[in-house]
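Here the structure is laid out as structure tokens; the discussion comes afterwards.
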């Protein structure tokens, strides 16, 4: 009997010591070490790849944003603010219907096949909107010039980038709406084209948030 109690006590003691050691190593030392390395070597990425403007965080370079006008009475979705470069269609930024206590960014694709009638109609409607929205004095968008990323969302629905072709397509409209020289806006786009990673992976792209920050700075200089 005493033997059994002693063995049980030793096992319980060993278990508690193991629990304390593992808690210290896995719950304190390891997280602190990982956090320290991340903050020391990858500070920007560890903090969410935040983008700042005038000393304030305005977003992340990893998450897309919308640039819309205030929603009018009766509107289901707000109209785009055409002073700014527009991102890809963002199905991932849809309305949260599950937990309405918080405004959440939802990530996800449409899950429609390439021959789905609803998807085809969305693409057709998006193409018409791109052509109409980007009409400017002396400039018309040809249907054949509308790139795929202008009418389709990414797999996450939160893509922060657009193709250089889509950015260039918007130049005349952005210049006209902000009373800027077209060549200055064209140069702004070219300055923000990011190449392949690291020279051969992916496609050239433009971060819309960074581009719009630069556009705002250019607009303020002109005014």
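The values are calculated or read from the model by the stated rules, or taken from the named source; none is laboratory data. Here the structure is a predicted model, which is why all the values come from computation and not from measurement. When we count neighbours, we look across all protein chains shown, and the Cβ atoms used for this are built from the backbone with ideal geometry, even at glycine.
Just to be sure before I move on: is residue 220 assigned to a helix (DSSP H, G or I) and surrounded by 11 or more Cβ atoms within 10 Å (Cβ to Cβ) in the structure I sent?
no
If residue 92 passes every condition in (1) surrounded by 13 or more Cβ atoms within 10 Å (Cβ to Cβ); (2) at pLDDT 85 or above but one, which one does it miss?
(2)
If you take the residues of the range 160-172 that are surrounded by fewer than 21 Cβ atoms within 10 Å (Cβ to Cβ) and in a helix (DSSP H, G or I), which of them is nearest to the chain's Cα centre (by Cα)?
The residue in question is 164.
Report, by residue number, each residue of the range 105-159 that is without any contact (Cβ under 8 Å) to a residue 24 or more places away in the chain, assigned to a loop (DSSP other than H, G, I, E, B) and surrounded by 12 or more Cβ atoms within 10 Å (Cβ to Cβ).
112, 116, 146, 147, listed by residue number.
Answer yes or no: is there a residue in the range 176-195 that is in contact with a helix residue (DSSP H, G or I) (Cβ under 8 Å, 6 or more places away or on another chain), assigned to a loop (DSSP other than H, G, I, E, B) and within 19 Å of residue 90 (Cβ to Cβ).
no
Please specify each residue of the range 54-81 satisfying the condition of being assigned to a loop (DSSP other than H, G, I, E, B) and at positive phi.
Passing the criteria: 54, 55, 74.
Can you pull out every residue in the range 185-200 that is surrounded by fewer than 15 Cβ atoms within 10 Å (Cβ to Cβ) and farther than 20 Å from residue 63 by Cα?
187, 190, 191, 198, 199, 200 - these are the residues of the range 185-200 that are surrounded by fewer than 15 Cβ atoms within 10 Å (Cβ to Cβ) and farther than 20 Å from residue 63 by Cα.
Filter the range 35-53 down to the residues that are touching a residue at least 12 places away in the same chain (Cβ under 8 Å) and in a loop (DSSP other than H, G, I, E, B) and list them by number.
Hits for the range 35-53 are 48, 49.
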